[in-house]
Amino acid sequence: MISWLAYYDDVIGHMFVLMILAFSMYVVMRVGVFSVASIGFWAIAGYGAAIADQYDVPPLLIVGGALLVSGVFGLLLALLAVRLSGLSLTMVTIAFVLLLQVIVLNWEDVTGGSLGIFGLPVHIGTYGLLAVVIVVAVLLALYERGRTGRAQDSLLHDEQLAQSVGIDIRRQRIVALTLSALLGGLAGCLNVFQTGMMVSNEVGFHVVVDALTMVILGGTAAWYGPVIGAAILAWLPQMLSFADEWRLAVQGVIIVVVLVFAPQGAAGLIQRLARGVAAKRRSSLLKRREPQDVSA
Amino acid sequence: MSLLSIVDAQVRFGGVRAVDGVTISLERGNVHGLVGPNGSGKTTLVNAISGFARLHDGSVTLNDEQISGMRPDQIFTRGISRTFQSIRLLSTLTVRENILIGTDRARAEGDGRGAGKLLPRDAVNDRVDHAVALLGLEKFAGDFPSQLPYGLQRRVEIARSVASRPELILLDEPFAGMSRAERDELSDVLIEIADDGFTLLVIEHDMRIIHKICSHLFVMNFGRCIAEGSPRETAELEIVQEAYLGKQHGTA
Ligand SMILES: Nc1ncnc2c1ncn2[C@@H]1O[C@H](COP(=O)(O)OP(=O)(O)OP(=O)(O)O)[C@@H](O)[C@H]1O
Ligand SMILES: [Mg+2]
């Protein structure tokens, strides 16, 4: 077990980083907004952290700076984006990522161009990352209990209904987009701290695809959706090693199958099963007792 | 002073004048009926009141405050709650949680301006319990909507509205698709809700139900309010009879 952990230490650590990126995608998809802006903040914070690291800025200060910058930019992007709806909003977030990609590739003096920035010290290990994941997951789980969770559910499934019970759609979206930016920034920063490098690939199309894969596989029904999605994505290369160069194709097939047969993802399946069990238990209770004994 | 005043309201969709200069008032404590042939603009009028349809002209005022131009969520927090013509329940939440949604953004009593504090937990539970009891949903509070028959799902929606303790409840065809027995039961419940002090506007086609529950009736046709008054007298009017039989001579 110990040697297995040591052997796969990098994969496990990367899985935890991915979980935070998946959380970032999740909080915004959870309120019915299709946004890939997370990748933009992942990139901004990643390059910011890598550059600051070259000047030996203390890691905690870097994290603080990354959160501040992504929070402010996230809020600005949110204020702009919520004026739009549906596809236009999504396009704005895609444009944001593409813009960063162009900047990263062309501003070689600072970003290292397509090679990126290498040889930085590793600031965080697997256990440190696990701790961060646990803290974020607990905060999210608390956040989405009760009133807020119900508002998120209504925004995800029926915007008109949400409005009709007093939910301010724009405000909810601004909060979600900003929160998403903060988490994306945190993930990007931790990614550099774990790997000791930042490469231009991390702003590329494949990160967008990976991030989407995580939320599709895990689903947006609850906070554990992105946890499951990230866990699957992190181990996919290992599991699909038999497929060789067909790996990406197999990954695509998996996504399509999930979209068709379990569009709510793993978390949605789990919730559906839980609802079924609860319903069965209640109806058997009702059968055993007199109806008037059953208090709600 | 009327609870709600609509003055010369107009809503257009392209060339269609869905609501074409409606001027009506709703009085506190009354159950108002709204009838009219299909496509006469009933739903659009409810949408205009609740902020889902933009007025091209005219105004809507609640307690002397102009609410036309506000967003639906702002209008809700000022005390107008509505249901939709189709059932709108969240399948991922239990019946009780679906009703709770109505109280989540409701404001403390006595604040009509929508700026009050959110309700404390005790008050929320009281309101939900009361609404659940009023609509006879005690046994189903822990169920999920899909487990309930259609008639009960409709009741959950009404309970969601009642739980927010609004000044005005707008119900868009709450009796649609129900059996005769279900209609009779629900109409008794609506009478109870009115006795509780709520003001209602109910869209309904069945005149038997209208006579039973409404104290005031509005009749719409082609986007206009063509008649109003006590249900019995209004229904007798020739212009109203014509509107309902209009297909025979109107299109010729
Ligand atoms: N969103 C919309 N876009 C375009 N036209 C609309 C829209 N909503 C309503 N209309 C049109 O406005 C008119 C009034 O429709 P409305 O739904 O208000 O009628 P209604 O009285 O509620 O009818 P029903 O009894 O069938 O529910 C109809 O001609 C309808 O086609
Ligand atoms: Mg209608």
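Ranking B:L135, B:S68, A:L76 by how far each Cα lies toward the positive end of the dipole of the protein assembly as shown (charges on Cβ) leaves B:L135 at the top.
The Cα center of the stretch A:1-68 and the Cα center of the stretch B:1-26 differ in position by 53 Å.
Note: relative contact order over chain B, using C-alpha pairs below 8 Å and six or more positions apart, is 26 percent. Just add up the charged neighbours of A:S114: K/R +1, D/E -1, any other residue whose Cβ is under 12 Å from the Cβ of A:S114. With Lys, Arg at +1 and Asp, Glu at -1, the net is -2.
Remark: C-alpha extents of the stretch A:1-143 on the principal axes read 51, 42, 25 Å, sorted largest to smallest. For the stretch B:1-146, the equivalent ellipsoid built from the Cα gyration tensor has semi-axes of 30, 19, 14 Å, listed from largest to smallest. Summed over all non-identical Cα pairs, the Kirkwood treatment of the protein assembly as shown gives a radius of 26.3 Å. Projecting the Cα atoms of B:F175, B:L190, B:P149 onto the charge dipole of the stretch B:120-252 (Cβ charges, centred on the Cα centre) puts B:P149 farthest toward the positive pole. Exposure proxy ranking for A:V132, A:V277, B:V35, based on other Cβ atoms within 10 angstrom of each Cβ and starting from the fewest, stands as A:V277, A:V132, B:V35.
Think of the stretch A:10-264 as having a plus end and a minus end, set by charges on the Cβ of Lys, Arg, Asp and Glu; of A:I228, A:V165, A:S241, A:V165 sits farthest toward the positive end of this dipole. Averaged over the residues of peptide B:138-151, the number of Cβ atoms from other protein chains lying within 10 Å of each residue's Cβ is 3. Over the stretch A:10-264, the reciprocal of the mean inverse Cα-Cα separation, the Kirkwood hydrodynamic radius, stands at 18.4 Å. Backbone geometry of the stretch A:188-198 corresponds, through the Karplus equation with coefficients 6.51, -1.76 and 1.60 at θ = phi - 60°, to 3J(HN,Hα) couplings of x, 5, 5, 4, 5, 5, 7, 9, x, 7, 9 Hz, x marking Gly and Pro. Among B:T92, B:T23, the order by Cβ neighbours within 10 angstrom, fewest to most, reads B:T23, B:T92.
Seen from A:L80, the other residues with C-beta closer than 14 Å to its C-beta sum to a net charge of +3, counting Lys and Arg as +1 and Asp and Glu as -1.
Does anyone have the angle between helix B:95-104 and the longest principal axis of chain B? Alpha-carbon axes, 0 to 90°, nearest 10? Approximately 80 degrees, to the nearest ten. Shielding of peptide A:165-174 by partners, expressed as the average count of other chain Cβ atoms within 10 Å per residue Cβ, is 6. Please give the charge dipole size of the stretch A:10-264, origin at the Cα centre, charges +1 on K and R Cβ atoms and -1 on D and E Cβ atoms. Round to the nearest 20 debye. Magnitude of the dipole: close to 820 debye. Ratio of Rg to Rh for the stretch A:90-157: 1.18 [Cα atoms; Kirkwood radius as inverse mean 1/r over pairs].
Distance between the 7 Å Cα→Cβ label points at A:R145 and A:L79: 3.4 nm. Springs between Cα atoms under 10 Å define the GNM used for chain A, and in it the highest mean-square fluctuation of A:M25, A:M214, A:M197 occurs at A:M197. With angles folded into 0 to 90 degrees, how steeply does helix A:37-54 sit against the dominant principal axis of chain A? Use alpha carbons for both and round to 10. Helix A:37-54 sits roughly 40 degrees off the main axis of chain A. Near B:E167: Cβ cut-off under 10 Å, other residues only, Lys/Arg at +1 and Asp/Glu at -1. The net charge is +3. Between the stretch A:210-226 and the stretch B:123-195, the alpha-carbon centres lie 35 Å apart. Residues of the stretch A:225-253 with an amide N closer than 19 Å to a point placed 7 Å from the Cα of A:L130 along the Cα-to-Cβ direction: A:227-235. Mean per-residue shielding of peptide B:83-92 is 4, counting Cβ atoms of other chains within 10 Å of each Cβ. Ordering of A:134-141, B:224-231, A:32-39 by packing is A:32-39, B:224-231, A:134-141, highest average first (other Cβ atoms within 10 Å, averaged per residue). Against the main long axis of the alpha-carbon atoms of chain A, helix A:247-261 sits at an angle near 20°.
None of the figures in this text is laboratory data; all of them are computed from the coordinates on show. Not measured: the values here are computed from a predicted model. So basically every Cβ, Gly included, is an ideal-geometry build from the backbone, and we count neighbours across all protein chains shown.
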